[in-house]
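The structure appears right after this line, and notes come after that.
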Amino acid sequence: MPARLTFQRRGIVEGFFGPPWSMEHRAAIFEFGAKRGMNTYLYAPKDDPYHRERWREPYPEAGWSKLLNLFHLARERRIDFVYGFHPGKGLCFSAEEPITTLLTKAERFYEAGVRTFAVLFDDIPSRLEHTEDQKEFGGSLARAEAVWLEKILARQPAAWSDVEWWICPSYYTEDPLLARMFGTFEPSFLKTFVDHLPQSVACFWTGPSVVSKRITLAHVRKVAKRLKRRLILWDNYPVNDLSMSKEMHLSPLTGRGPRLPEKVYGYLNNPLLQESLSFIPLATCFDYAADPGGYDPEKSWQGVIEERFGKETILHWQAIREFCERISQSKDKNRPGLLPRQKRAALETARRYILDNRGRRWAEEFRPWLDLIEENLTRKND
């Protein structure tokens with residue numbers, strides 16, 4: 001019998017904009033995910049100032065103590081804790097100081113036991129910001145990002161032969177949305193990037209879009225051929241930050257090919273901001289990552305609902321899920337279209353179920369969407 005095809009790296013990238021998860025929830029996710037094959041956690045919350053805006057500064061002792069505890073909790077669950085640096089905004093790539101600063105900060109993590117680091121250049125301007133960089137890199141952001149990693153590897157301590165480095169380039173998908181948000185990228189970005197990136201560095205990609213509905217084997221084959229490096233998918237499902245903040249993604253993961261591990265080294269999901277509700281879609285992501293070929297979305301989804309809320313609640317959660325899907329598909333997120341009459345009775349029952357659970361954390365997190373449910377049920381006609 002052939003061995004089950006799976007990703008070598010499976011887990012979460014906490015990489016969203018918005019309030020970072022609590023340490024208590026991270027610990028709960030480690031326990032929950034480890035039972036489902038999670039083996040990797042990338043710490044990269046955009047709103048942790050010491051990860052992004054103030055990345056040069058060491059963590060204050062209180063914050064450092066909490067991170068150390070989180071690392072030990074991950075290790076107890078055999079989850080690799082990956083620390084992410086986000087130095088890109090305003091960075092002078094040709095200066096020596098930022099490289100020294102990053103390695104000094106990384107050394108503290110290394111001494112604590114961290115062996116994987118990620119340098120993340122996502123969501124920054126598409127052009128170099130400093131005159132010195134324009135001269136040194138010929139105006140190429142792609143070359144600057146790749147060479148920066150090359151310098152880091154060249155200057156890291158000799159004892160760090162067991163360290164793994166990852167990178168997220170600024171051009172992490174061919175989605176035109178990137179250019180609309182951050183400016184036009186150089187036409188040969190990926191080729192230039194690959195020409196200068198050390199072979200050992202693994203590379204992030206989000207799929208055909210920033211938020212990809214489908215990721216096929218044909219797509220990742222094409223990307224892997226161009227990058228010529230180990231490929232890590234940063235899957236922006238079920239995350240609901242920024243323009244998706246009015247959406248609630250409670251459906252099972254779908255649209256990911258069963259044979260992606262043939263060309264993909266790692267598969268990490270960017271999760272919901274809402275902690276208690278995040279367990280629902282993440283369970284399906286973990287199940288897919290652990291066994292892409294045997295993954296059954298509905299079976300996985302019903303399994304986590306039964307586990308966390310009881311078998312008798314499945315119909316309520318199906319109605320909630322369908323309404324949330326309707327919001328995501330609506331142009332006006334504040335006023336999704338009226339449900340058909342046959343669906344309204346099930347949603348009304350689900351509404352009462354939510355109200356009966358007032359005071360529970362998940363129901364409090366769902367409050368904005370409960371308001372939309374109530375508005376929809378009381379509205380007559382558009």
Task: Single unsatisfied condition, Ala218 versus (1) touching a Lys or Arg at 6+ places or on another chain (Cβ under 6 Å); (2) under 25 Å from Ala289 (Cβ atoms); (3) surrounded by fewer than 19 Cβ atoms within 10 Å (Cβ to Cβ) - done: (1)
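Name every residue in segment 270-293 that is of a type in the set (A, V, I, L, M, F, W, C) and closer than 16 Å to Ser212 by Cβ, in order of residue number. Spell out the reasoning first.
We begin by selecting, within segment 270-293, every residue of a type in the set (A, V, I, L, M, F, W, C); these are 272-273, 277, 279-280, 282-283, 285-286, 289-290.
Cys285, Ala289 - these are the residues of segment 270-293 that are of a type in the set (A, V, I, L, M, F, W, C) and closer than 16 Å to Ser212 by Cβ.
Matching residues to (1) among the β-branched types (Val, Ile, Thr); (2) outside any strand (DSSP E or B); (3) in contact (Cβ under 8 Å) with a residue 60 or more places away in the chain:
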| position | (1), (2), (3) |
| --- | --- |
| Arg75 | no, yes, no |
| Leu91 | no, yes, no |
| Ile99 | yes, yes, no |
| Glu107 | no, yes, no |
| Phe117 | no, no, no |
| Val147 | yes, yes, no |
Task: Residues satisfying the stated conditions in segment 323-342, i.e. touching a helix residue (DSSP H, G or I) at 6+ places or on another chain (Cβ under 7 Å) and either of a type in the set (D, E, K, R) or at positive phi (or both) - done: Lys333
Task: Odd one out for Pro336 among (1) part of a helix (DSSP H, G or I); (2) touching a Ser or Thr at 6+ places or on another chain (Cβ under 9 Å); (3) farther than 25 Å from Gly11 by Cβ; (4) touching a residue at least 40 places away in the same chain (Cβ under 8 Å) - done: (1)
TODO: Among the residues of segment 348-373, write down those that are among the acidic types (Asp, Glu) and either surrounded by 16 or more Cβ atoms within 10 Å (Cβ to Cβ) or within 31 Å of the chain's Cα centre (by Cα) (or both).
DONE: Glu364, Glu365, Asp371
Open item on the list: Regarding segment 289-305, can at least one residue be identified that is surrounded by 22 or more Cβ atoms within 10 Å (Cβ to Cβ), within 16 Å of the chain's Cα centre (by Cα) and outside the structural domain of Ala363 (by TED's automatic domain parsing)?
Closed with: yes
TODO: Output the residue which, of all residues in segment 279-297 that are assigned to a helix (DSSP H, G or I) and not hydrophobic (A, V, I, L, M, F, W, C), is nearest to Thr216 (Cα to Cα).
DONE: Tyr288
Open item on the list: Testing Gln156 on (1) surrounded by fewer than 18 Cβ atoms within 10 Å (Cβ to Cβ); (2) on the phi < 0 side of the Ramachandran plot, one condition comes back false. Which one is that?
Closed with: (1)
Task: Only one of Ser140, Ser126, Ser200, Ser209 that is buried (at least 21 other Cβ atoms within 10 Å of the Cβ), assigned by TED's automatic domain parsing to the domain that holds Gly257, of a type outside the set (Lys, Arg) and in contact (Cβ under 8 Å) with a residue 12 or more places away in the chain - done: Ser140
- [ ] Answer yes or no: is there a residue in segment 8-23 that is modelled with pLDDT of 95 or more, part of a helix (DSSP H, G or I) and surrounded by fewer than 22 Cβ atoms within 10 Å (Cβ to Cβ).
- [x] yes
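The values are calculated or read from the model by the stated rules, or taken from the named source; none is laboratory data. Just so we're clear, the structure is a prediction, and the values are computed from it rather than from any experiment. Reconstructed Cβ throughout: ideal geometry from the backbone, glycine too, with neighbour counts over all protein chains shown.
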